[in-house]
Structures are given as structure tokens and as C-alpha cells.
1. Condition (residue is in a helix (DSSP H, G or I), among the small types (G, A, S) and within 17 Å of the chain's Cα centre (by Cα)) applied to the stretch 30-38: is it met by at least one residue?
2. Within the stretch 1-20, take every residue that is crowded, with 19+ Cβ neighbours inside 10 Å and touching a residue at least 40 places away in the same chain (Cβ under 8 Å) and give me the one that is farthest from G71 (Cα to Cα).
3. Can you list residue pairs whose Cβ atoms sit under 8 Å apart, with the first residue in the stretch 38-60 being more than 15 Å from R24 (Cα to Cα) and the second being of a type in the set (V, I, T) and modelled with pLDDT of 95 or more? Count only pairs 6 or more apart in sequence or on different chains.
4. Regarding R46, is this residue at pLDDT 85 or above, open to solvent by 40 Å² or more (accessible area, probe 1.4 Å), of a type in the set (D, E, K, R) and in a helix (DSSP H, G or I)?
5. Restricting to the stretch 21-30, name every residue that is over 17 Å from R67 (Cα atoms) and open to solvent by less than 70 Å² (accessible area, probe 1.4 Å).
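The values are calculated or read from the model by the stated rules, or taken from the named source; none is laboratory data. Everything numeric in this text was worked out from a predicted model, so none of it was measured. Positions of Cβ are generated from backbone atoms using ideal geometry, with glycine treated the same way; all protein chains shown enter the neighbour counts. Only protein heavy atoms, including side chains, enter the accessible area calculation; ligands, DNA and RNA are left aside. Shrake-Rupley method; radii C 1.70, N 1.55, O 1.52, S 1.80 Å.
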Amino acid sequence: MKREIYLRVTEAARHILKTGETVRQCAKRFGVSKTTIHKDMRDRLREIDPALFADVSEVLEKNRRERHLRGGMATREKYLQLRAQPEASKRREG
């Protein structure tokens, strides 16, 4: 395995453990696709460090179980912002 891949995998794994970030958030932070981070955490990390793989797997599983909640919260925020925008524009016009 190339050294740069090894470093990215271990750094991303430690970051996920430290912050509890999702695969998408981690991918954005490291400038790679979510598919790359997922492959790193599911395949490459298992070969590199099985103990770290087990710890990261727990965090990823927790995030997977909670994703429907995060999606609902994002939708709620979207509609709250949309509802607040017309009120703000009415105040400016009046």
C-alpha cells in the first residue's frame, strides 16, 4: 500500500474517532469522495489496524443508525429558514 494512502486512512480513522464525524463530513474535510472514505474505513483500515477498525466501525454504525434523525433535522431547518425569509422581506418592504 502506498504511504500516502496509509497516512490518509489512519489520519481519517483517528479523526472520525476523535470527532464522531460522518463519512460525508470526513470526506469533505480530507478533500476526497465519500466512497473513498468508506472504502478506506471498511477495507483498507481492516488490513492496516484491526483494533482501530473495530473502534471506527462502532462510530460509523452509530452514525448509520442516527442518519434518519440528522436528515429530519436538516429538513426542519430548511423549512424554518424558508418560513423566516418572507417575514424578513415583509419587514423591509413595510
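1. Here is the first cut: in the stretch 30-38, the ones in a helix (DSSP H, G or I) are 30, 34-38.
Those still in the list that are among the small types (G, A, S) too: none.
No.
2. If we filter the stretch 1-20 for residues that are crowded, with 19+ Cβ neighbours inside 10 Å, which is where we start, we get 9, 12-13, 16.
With touching a residue at least 40 places away in the same chain (Cβ under 8 Å) added as a condition, the list becomes 13, 16.
Numbers: A13: 24, I16: 20 Å.
Out of the qualifying residues, it is A13.
3. Listed by first residue and then by second, the contacts come to R44/V9; L45/V9; L45/T10; L45/V56; I48/V9; I48/T10; D49/T10; L52/T10.
4. On the way: at pLDDT 85 or above: yes; open to solvent by 40 Å² or more (accessible area, probe 1.4 Å): yes; of a type in the set (D, E, K, R): yes; in a helix (DSSP H, G or I): yes.
Answer is yes for this residue.
5. F30
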